[in-house]
Amino acid sequence: MTGLRLPDGGEIPRLGMGTWRMGERGRDRAAEVAALRLGLALGVTLIDTAEMYGEGGAEEVVGEAIRGRREEVFLVSKVYPHNASRRALPEACARSLRRLGVECLDLYLLHWRGAVPLAETVEAMERLRAAGKIRRWGVSNLDVADLEELGPALADCATDQVLLNLEHRGAEYDLLPFCAARGMPVMAYSPVGQGGALLRHPVLKALAAARGATPAQLAIAWTLSRPGVVSIPKAVRPEHVRQNAAAGAMRLEAEELAALDAAFPPPRRKRPLAML
Ligand SMILES: NC(=O)c1ccc[n+]([C@@H]2O[C@H](COP(=O)([O-])OP(=O)(O)OC[C@H]3O[C@@H](n4cnc5c(N)ncnc54)[C@H](OP(=O)(O)O)[C@@H]3O)[C@@H](O)[C@H]2O)c1
């Protein structure tokens, strides 16, 4: 599966692994590390984490999973908004790098917008980039108006990571076209609806059964069918990891996409970007 071109000319894999809820309980750690290693073995090379997840615990899990194989991984982490200031960002990044056991992040995201002015965060991100601590920076949960506020710095923003799945299609109305016009990939989080009601939807279940796939695979394949979109399902159970890795190769037919549009209608007007 080829990656997507980033604004700086680099490449980002289209399929990744999320890590929210990992690193919260010591007794789950071995299974979480094993899940990430299984995904890597199956060719899923992007790992998405954040200082927030398990308050550093998820980054430690990722660090253990990627030890000795850093070069294979496209590593993404995120900073809390309250740490996204000129003074706090370098320290937060250093803590993340230490927990991950790496010298440099491939991508560092502002997790959501907080009180620190965006221009200050961008300046601090650019310093980290110049110092070789991050290869590039991006944002998360920012709607079009927030992105516009970045001004000329928008050209250096690598991605916007947002809630995008069949149940939450709002970003398709204007955010996806806005980012596509700038050559900026969008990262879709919660692509399988956190394993909830979406996976029990009768239309999704029927379409999945008809092609011998699971509802989660169809949900992931749908996010990947959106142009310029990276999908980052999180899974600990090995059968989930295997399914999700295989979903990267699925191509949905026009009839399947039409049936999904009928069951999960695309947005017809602007709504504020939803977030979890
Ligand atoms: N930027 C942000 O604000 C933000 C917000 C939310 C999420 N994220 C990122 O996006 C990632 C994904 O989102 P998410 O964790 O919220 O939700 P998700 O990936 O949509 O769903 C994860 C849940 O679905 C289950 N699952 C995974 N694959 C499955 C399959 N093939 N069949 C059935 N169930 C399956 C998982 O179970 P098991 O774990 O038991 O296998 C887990 O309970 C996060 O982990 C995080 O890295 C970012």
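The values are calculated or read from the model by the stated rules, or taken from the named source; none is laboratory data. Remember, predicted model here, so these are calculated numbers, not experimental data. So basically every Cβ, Gly included, is an ideal-geometry build from the backbone, and we count neighbours across all protein chains shown. The accessibility values were calculated without ligands, DNA or RNA, using every heavy atom of the protein model including side chains. Shrake-Rupley method; radii C 1.70, N 1.55, O 1.52, S 1.80 Å.
Given a 1.4 Å probe, how much area per residue of segment 36-173 is accessible, in Å²?
On the way: 5250 Å² over 138 residues.
Value for segment 36-173: 38 Å² per residue.
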Pairwise label distance in nanometres, Ser225 with Leu42, each label 7 Å out on the Cα-Cβ vector: 2.1 nm
Under 5 Å, built H, 5+ apart or other chain: amide partners of Leu46: Met17, Phe74
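Please report, as a whole percent, how much of the solvent-accessible surface of the chain comes from carbon and sulfur atoms (probe radius 1.4 Å).
Working: 6270 of 12000 Å².
C and S atoms contribute 52 percent here.
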Point-to-point label distance, Arg5-Ala115, nm (Cα→Cβ direction, 7 Å offset): 4.2 nm
Considering only segment 1-116, percent of DSSP beta bridges that pair antiparallel, nearest 5: 20 percent
Virtual spin-label span in nm between Ala246 and Arg211, 7 Å along Cα→Cβ: 1.3 nm
Mean-position separation - Cα centroids, segment 77-96 and segment 128-165, in angstrom: 15 Å
Candidate residues Arg136, Arg21: accessible-area rank, largest first, probe 1.4 Å: Arg21, Arg136
Distance histogram in 10 Å bins (all Cα pairs of segment 50-122, percent per bin): 21, 53, 23, 4
Size of segment 147-276 as Cα extents on the principal axes (Å, biggest first): 47, 32, 26
For the chain: Kirkwood Rh in Å [reciprocal of mean 1/r, alpha carbons]: 18.8 Å
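From the protein chains alone at 1.4 Å, what is the descending order of accessible area for His82, His111, His240, largest first? List each step's numbers first, then the result.
On the way: His82 125, His111 15, His240 65 Å².
Order by accessible area, largest first: His82, His240, His111.
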Fraction in percent of alpha-carbon pairs per bin - 10 Å, segment 204-254: 26, 58, 16, 0
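Please give the FRET efficiency for Arg269 paired with Arg21, using the beta carbon to beta carbon distance and R0 = 41 Å, rounded to the nearest 0.05. Spell out each step's value before the answer.
Working: r = 33 Å, r/R0 = 0.81.
Efficiency at R0 = 41 Å is approximately 0.80.
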Surface accessible to a 1.4 Å probe, Met275 within the full protein complex, Å²: 100 Å²
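Using the heavy atoms of the protein chains alone and a 1.4 angstrom probe, what is the accessible area of segment 204-276 per residue in square angstrom?
Details: 3730 Å² over 73 residues.
Ligands and nucleic acids excluded, the result is 51 Å² per residue.
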Accessible surface of Thr45 - all protein chains present, 1.4 Å probe, nearest 10 Å²: 40 Å²
